[in-house]
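The values are calculated or read from the model by the stated rules, or taken from the named source; none is laboratory data. Here the structure is a predicted model, which means the values were calculated and not measured. Cβ coordinates were reconstructed from backbone atoms using ideal geometry, including for glycine residues, and neighbour counts include every protein chain displayed.
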Amino acid sequence: MADLPADRLTSEPPFTSVGLDVFGPWNVITRRTRGGSADSKRWAVLFTCMSTRAVHIELIESMSTSRFINALRCFFSIRGPAKVLRSDRGTNFIGACRELGIDTNDSELTKYLSDKGCTWIFNPPHSSHMGGSWERLIGVARRILDAMLFQTGSTRLTHEVLSTLMSEVMAIINARPLVSVSTDPDMPAILTPSMLLTQKTNASSAPSGYFHMNDLHGKQWKQVQCLADTFWKRWRQEYLTTLQRRRKWTAEKPNVKVGDVVLLKDSQTHRNDWPVGLVVKTFPSTDEKVRKVELKVVKQGIAKVFLRPISEIVVLLSEAS
């Protein structure tokens, strides 16, 4: 199992490093007609802060590049600029990067919506486990929203009602405890993402210096900074220690190498029909472990190159042997 990304372990302003995905749709009433009503669909884009685990949700009217860019601009306008975006390799995300001029292969922070640096990192195709930090929160959002819709009964949704429900879902998720609730009476406060978000601090760097609880009775900016500093202290002491548990993928295995003959898994076909491929490129992580590769597969006389995680391939013949 790989180490966690550095942006999950760094105490930076909220939504500096962001994971995002789209979920839905829901049917809403757009206008009344003589024959009844005209319906359309709505999707939601979920943005999650990789370090504080806070959530922001934006509604979109279609799964198109332009609609997604509008949601992205709304998110940046409200939460401030981000340095790193992480997402699955969806077609709307690829199209947004191309239209915005963001080079996803450049490690430097080069371009951004408002002339600021931003790097967009895409996970390999068929690797949902690499986006577990936002996939899990989408499951949480779905369960909360399903419970709310169940309470409303057969009421037809409008865009305004769905937007209100999404705001309530966002508030509930941000109020969730990040760690187990302590029974210590001297620690009544629960560590949640909303503890930091509701302090109304901006995305700029905090003033340098040390702040103490006595500052709560002083100037207003010191009150805000003291509460934010308290959050980050508890975040480091209580939350980070829970992220290092590795319950699977603990056995040491040889790296996949260029020249290995592999089977490409395909859930749509029988195992006997899985295509045979040749590894043409590997992508070692910072710990020198290979977790994604490019492989060449010949289908119907046409050679194609696919990017896949190693969980989606089966090594048949190693180049080293």
Checklist outcome for this item: Only one of K257, K292 is in contact with a Leu (Cβ under 9 Å, 6 or more places away or on another chain) and of a type in the set (K, R), namely K292
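Tally the residues that are free of Cβ contacts under 8 Å to residues at least 24 places away in the same chain and in contact with a helix residue (DSSP H, G or I) (Cβ under 8 Å, 6 or more places away or on another chain), restricting the search to the stretch 125-151.
2
So that you can scan it fast, the table gives a plain yes or no per residue for (1) modelled with pLDDT of 60 or more; (2) under 16 Å from T48 (Cα atoms); (3) of a type outside the set (D, E, K, R):
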residue: G131; (1), (2), (3): yes, yes, yes
residue: V161; (1), (2), (3): yes, no, yes
residue: A171; (1), (2), (3): yes, yes, yes
residue: M195; (1), (2), (3): yes, yes, yes
residue: K200; (1), (2), (3): no, no, no
residue: Y210; (1), (2), (3): no, no, yes
residue: N214; (1), (2), (3): no, no, yes
residue: Q220; (1), (2), (3): no, no, yes
Item to check | Test for T119: is it modelled with pLDDT under 85, more than 30 Å from I190 (Cα to Cα) and not in a loop (DSSP other than H, G, I, E, B) | outcome: yes
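Residue-by-condition table, conditions (1) touching a residue at least 40 places away in the same chain (Cβ under 8 Å); (2) touching a Phe, Trp or Tyr at 6+ places or on another chain (Cβ under 8 Å); (3) not basic (K, R):
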residue: N272; (1), (2), (3): no, no, yes
residue: V280; (1), (2), (3): no, no, yes
residue: D287; (1), (2), (3): yes, no, yes
residue: V293; (1), (2), (3): no, yes, yes
residue: I302; (1), (2), (3): no, no, yes
residue: E319; (1), (2), (3): yes, no, yes
Checklist entry - Is one or more of the residues making up the stretch 252-270 polar (S, T, N, Q), under 25 Å from S133 (Cα atoms), buried (at least 16 other Cβ atoms within 10 Å of the Cβ) and modelled with pLDDT under 85? => result no
Checklist entry - Across the stretch 273-308, what is the total count of residues that are outside any strand (DSSP E or B) and touching a strand residue (DSSP E or B) at 6+ places or on another chain (Cβ under 7 Å)? => result 3
Checklist entry - What residue, among those in the stretch 85-116 that are of a type in the set (S, T, N, Q) and closer than 30 Å to I313 by Cβ, is modelled with the lowest pLDDT? => result S107
Checklist entry - Quick check, is W43 surrounded by fewer than 23 Cβ atoms within 10 Å (Cβ to Cβ), touching a Pro at 6+ places or on another chain (Cβ under 9 Å) and modelled with pLDDT under 90? => result yes
